[in-house]
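Accompanying notes for the structure given below.
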Amino acid sequence: MPTSSDLRVLVADDIAAAGVERLRTVAQVDVEAEITAAQLLARIPGYHALVVRSRTKVDGALLAAAAQLRVVGRAGVGVDNVDVAAAAARGVIVVNSPLAATTAVAELTLALMLAVARQVPLADAAMKQGEWPKKKLQGAELEGKTLGLIGFGRIGREVARRAQAFGMRIVAYEVIPIDPASVAHLATLLELPQVLAAADYISLHVPVTSATRNIIDAAALASCKPGVRIVCTARGGLIDEAALLSALQSGRVAAAGLDVFATEPPGASELVRHAQVIATPHVGAQTAEAQERAGVDIGDEVAAALTGKPLRWRVQPDTAS
């Protein structure tokens, strides 16, 4: 078994320098943030750990070539770019840093809610063209409205706390059973159809699984209040984008704020270009603070995996998404 001085880690995507320094306390570290898939496939046999973000794909072929690999660290929450089942079959541990981006994603969710409510990008674009469209930009308020959260884990609860400060009523649907009394101070737990029917604003905070893919489809949208506003900062694939576009065109959905898409980047699609859509390029975790936390957290977790210490955030195949 290699000693700590023999251990080698490849960081294949940019992470905070503090995270790299954490890794260097237990191993030799090479940072190759621009490495191509072909280059990575050729080099991976020499490494005991691999650290990635969303750019690098860790598939079965890469894992098969990684004869010495013990751990894959995903700096961030989602591990959809890592074949967790294939890793488990080869005895490779997969870890992530699920807490790092919680605040950043929750804050972006509220930013998008406010932006779709007050049509901020349209106002800004008009002003930059020398226009003054004051009478055309009548918005809506958050106070007194019902926010429906689909998913009530860490991020959903942080969104709820912030939305309460705006005077919103919170209802939530959680795919994993939880005790309603434990979250009664934040939200009323309901079944999904009840949340959809009650909400003036809907925000999604679940992973993409077979149970949640296209959870917002044409039927779901038809059951919503006319004029509902929808925000998604979780993962592309939760919303049937064709159905959402149709609902926007009909006015059933008043506006949408989307940070994630089924295909990324989505290009200048009809949905992205729709006047009542505010689109951002998957920037939920893109704050200086969140990136620093992600780098440090994944550095510590990969170091723990390499040295046989207890793990906080091991990803199991049946929970990956």
Label-to-label distance, nm, for residues given as Ala219 and Asn81 (7 Å Cα→Cβ offset) = 3.4 nm
Given the Cα atoms of region 76-131, and with Rh set as the inverse mean 1/r over their pairs in the Kirkwood sense, what is Rg to Rh to two decimals?
-> 1.34
Rounded to the nearest 0.05, FRET efficiency between Lys136 and Glu289 (Cβ-Cβ, R0 35 Å) equals 0.45
Report the relative contact order of region 102-279, percent, no decimals, based on alpha-carbon pairs under 8 angstrom and at least 6 residues apart.
-> 21 percent
Between Glu34 and Arg8, 0.36 nm times their residue separation minus their Cα-Cα distance comes to what?
-> 7.5 nm
Pair-distance profile P(r), taking every C-alpha pair of the chain, with 10 angstrom steps and integer % | 6, 25, 29, 21, 14, 4, 0, 0
For Lys145, list the lysines whose Cα falls under 20 Å from its own Cα; do not include residues on the same chain fewer than 8 positions away.
-> Lys225
Net lengthening on full extension, Ala61/Ala181 (0.36 nm per residue, minus Cα-Cα) | 38.6 nm
Starting from the Cα-Cα distance between Thr307 and Ala197, subtract it from 0.36 nm times their residue separation and give me the gain in nm to one decimal.
-> 34.5 nm
Once the Cα gyration tensor of region 102-279 is found, what semi-axes does its equivalent ellipsoid get, as square roots of 5 times the eigenvalues, in whole Å, sorted largest first?
-> 26, 19, 15
Taking region 211-321 on its own, what percent of its Cα-Cα pair distances exceed 24 Å?
-> 41 percent
Label-point separation (nm) for Ala211 and Ser246, each offset 7 Å from Cα along Cα-to-Cβ?
-> 2.7 nm
Simple SL model, points at 7 angstrom along Cα→Cβ for Arg90 and Thr263; separation in nm is 2.9 nm
Helix 241-250 sits at what angle to the longest principal axis of the chain, using alpha carbons and giving 0 to 90 degrees rounded to 10?
-> 20 degrees
Backbone N within region 223-238 under 17 Å of label point (7 Å from Gln276 Cα along the Cβ vector) = 223-232
Equivalent ellipsoid, region 120-213 (semi-axes from 5 times Cα gyration tensor eigenvalues, Å) = 32, 15, 11
Contact order relative to length for region 140-187, counting C-alpha pairs under 8 Å separated by 6 or more residues, stands in percent at 44 percent
At each listed q (0.23 Å⁻¹), what is the log10 of I(q)/I(0) that the Debye formula gives for region 198-252 modelled as equal alpha-carbon point scatterers?
-> -0.88
FRET efficiency, Gln316 to Arg118 (Cβ-Cβ, R0 51 Å, nearest 0.05) | 0.75
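Rule-based calculations on the coordinates, nothing more; no lab input. Just so you know, these numbers come straight off a predicted model, no measurement behind them. Here Cβ is always computed from backbone atoms with ideal geometry, including for glycine, and neighbour counts include all displayed protein chains.
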